[in-house]
1. About the Cα centre, and with charges only on the beta carbon of Lys, Arg (+1) and Asp, Glu (-1), how big is the dipole of the stretch A:93-329? Nearest 20 debye, please.
2. Just rank B:Phe104, B:Phe307, fewest to most, by other beta-carbon atoms within 10 angstrom.
3. For a test of the definition: using alpha carbon positions, the gyration tensor, and the 1.5 limit on a/c, classify the stretch A:93-329 as rounded, prolate or oblate.
4. Over the stretch B:238-314, what is the relative contact order in percent, taking alpha-carbon pairs closer than 8 angstrom and at least six residues apart?
5. Would you look at the GNM of chain A, springs on alpha carbons closer than 10 Å, and say which of A:Arg234, A:Arg320, A:Arg128 moves the most?
6. Starting from 0.36 nm per residue, how many nanometres of slack lie between A:Asp81 and A:Thr21 once their C-alpha separation is accounted for?
7. Rounded to the nearest 0.05, what FRET efficiency do B:Val139 and A:Asp222 give with R0 = 30 Å and r taken as the Cβ-Cβ distance? Could you check?
8. When the helices in chain B are scored as -39500 (n - 2.57) per DSSP H run of 4 or longer and the sum is shared across all residues, what 222 nm value do you end up with, to the nearest 500 deg cm²/dmol?
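Rule-based calculations on the coordinates, nothing more; no lab input. None of the values given here were measured: they were computed from a predicted structure. Methodologically, a virtual Cβ is constructed for each residue, glycine included, from the backbone with ideal geometry; neighbour enumeration extends over all protein chains shown.
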Amino acid sequence: MRQYFQRKLGIYVLTFFVAVTIDWMIPRFMPGDPVQTMLSRASLRPEAAQSMQAYLNSVFGLDMPLWRQYLNFWGGLLRGDLGISVWLFPQPVTGVILRAVPYTLALLVPATLLSWWAGNKFGALAARRKWLDNTVLPLGYVLTATPYMWLAILLAWLFGSVTGWFPLSGGYSFSLAPAWSLEFAGSLFWHWFLPFLSLFLVAFGGWAIGMRNMVIYELEADYAHYLESLGAPRRLVRRYAFRNALLPQLTGLALQLGVLVAGALVTEIVFSYPGLGYLVLQAVNNQDFFLLQGVFLFIVIGVLAANFLIDIVYVVIDPRTRTGMRGDTA
Amino acid sequence: MSGPELKEELAVATPAAPPGAATAVAAGPVPRARGRGEVLYFARRNRKLVAGLAVVAGFLVVAAVGPLLTDHGPNDYVGPPSQPPSADFWFGTTTFGQDVFAQFTHGLRSTFLVGVLGGGLAGLIGMLIGFTAGYRGGVVDEVLNMLTNVVLVIPTLAVLLIVAAYLRVRGVVPEAIFIGLTSWPWVARAVRAQTFSLRTRDFVDLARLSGAGGRAIIVREIAPNMSSYLLMSGILLFGGAVLLAATLDFIGLGPTSGISLGLMMNNAVLWSALQLGMWWWFVPPGLGITAIVGSLYIMNVGLDEVFNPKLRKL
């Protein structure tokens, strides 16, 4: 088990290192001068432009040797200094991001967990049941082929614009100030529901199909046939199949994290939900490179942390990893 | 490698890959003796495969012919603003009087281009790394496996975000190349796992004894035994590249000139098509992507049944 965790942690540390290096390299080795590009494209007040120029030069430190720039970059990073936002000048990027993260997590975590749970249950039910299979399967394929933003757009249009049942944008009603009140909580929930539903539905399709295929595969396995020939009840066999099929689905969850985050980003953009996706859009529109790079690092850290959590869960549900065997090489 | 372990290695292919693929692999290598005629026989009779193929081919025709039907570019201001679909403008017009049909057909072209180029490149890299790692083993495998795992964990879209943001001029081709460069890992892992299990087979030993080199063995002995899996992975990569490009375009990091389906949705949301109820602006691009990618997935299920005798319905 120790070896298992050591291996995993090694990969995550290496990945983080690579990600930070990419983050550092891209502005420096892409064609063109990023400082000039930023300044010419950001429409700043003159005094802001001046201080930005000075600031950018000192941050990029383009006159210093490369290894020095690289070390400084890490130094700033470890101090939690990701630069100053252009869009919300002069607020530090870290603060801007930390304010947005709770909204993204509030969407992403429930949508991910619930869709995984419900998709697994439904997929397992559908396997080898003709009429369910014929309805859930096509629906699942359509859902999983739907671009996240398109389903979000459709839901926003149908339930926000046409019927007016749900609000179209924002994280809470503009007439309210954040407070610990029932009214505010209700408003939060009201604005949260559609983006959540949209994320949930797209992810649900993929999990249902995956589970259905895995269960069918498990029911073909020798142990399932053996149990059947012993006269074990069908429910018992299916339960064993389900538990075995869960392992690859869990690996799948780890691998899908990046896609889910991407889905959350675009869903937030559709609903103008004040999470990381909204920041990304603003950063792109305002040429706020520090903000964009900060969001990149936050996403990487979040995905790595979630991966590690899944590894821990894996140890709990897969006894092979505990006894030193390598159940999964991921 | 034993049964259950192999299964999990291969199941890794499922996520990026709405499955179908996993079950085909489970059936093991396809016997080479089987004739091409048999595959064709089952392929033509498989409704999922035929229907999926028909939809994709239909969109391909629209992408090829559509732009020829209009004599103006996708971004030209040609008509009255905000018109619903009519005889003059089949899909209506945008807030600026651009022809949505022209945008849609040109966008379809970019979609197919990104899918073929991005998916193809990812497939090539994945196969190259997977075959090399699986066949060579040892230190080469360790290094390549580490590389694969690192790229696998890094969220692809996040990398594409910052790369695209720093590009001053963005085109569909560079976008496809970047997508190809980042979305290969699950193919590499699956190919590696299969190569592992194939390289100890007798026919591979025989080829080695007869003096064949590593590359020849991979191309002539190993790859043909997983050709059905490779084909299906290619289809899934195509779908994945299309969805990824749409996401990137929607965020506003799509092609700076020209049009794509993701960019159409981006513009529609940006200019309040939702609030104004201009459904003709945002329904076609999403519907196009969903139909193409969904048909590809269903085609894959069909292919699975064609290649895997266990799944055939007679």
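1. Details: 14 positive and 11 negative charges, 147 e Å.
In total the dipole reaches around 700 debye.
2. Details: B:Phe104 25, B:Phe307 21.
In increasing order of surrounding Cβ atoms, one gets B:Phe307, B:Phe104.
3. Working: a/c = 2.55, a/b = 1.70, b/c = 1.50.
Prolate.
4. On the way: 57 pairs, mean separation 18.4, N = 77.
It rounds to 24 percent for the stretch B:238-314.
5. A:Arg234
6. Details: separation 60, 0.36 × 60 = 21.60 nm, distance 1.59 nm.
Between A:Asp81 and A:Thr21, full extension yields an extra 20.0 nm.
7. Values: r = 36 Å, r/R0 = 1.19.
The calculated FRET efficiency here is 0.25.
8. Numbers: 16 runs with 218 residues, N = 314.
That comes out to -22500 deg cm²/dmol.
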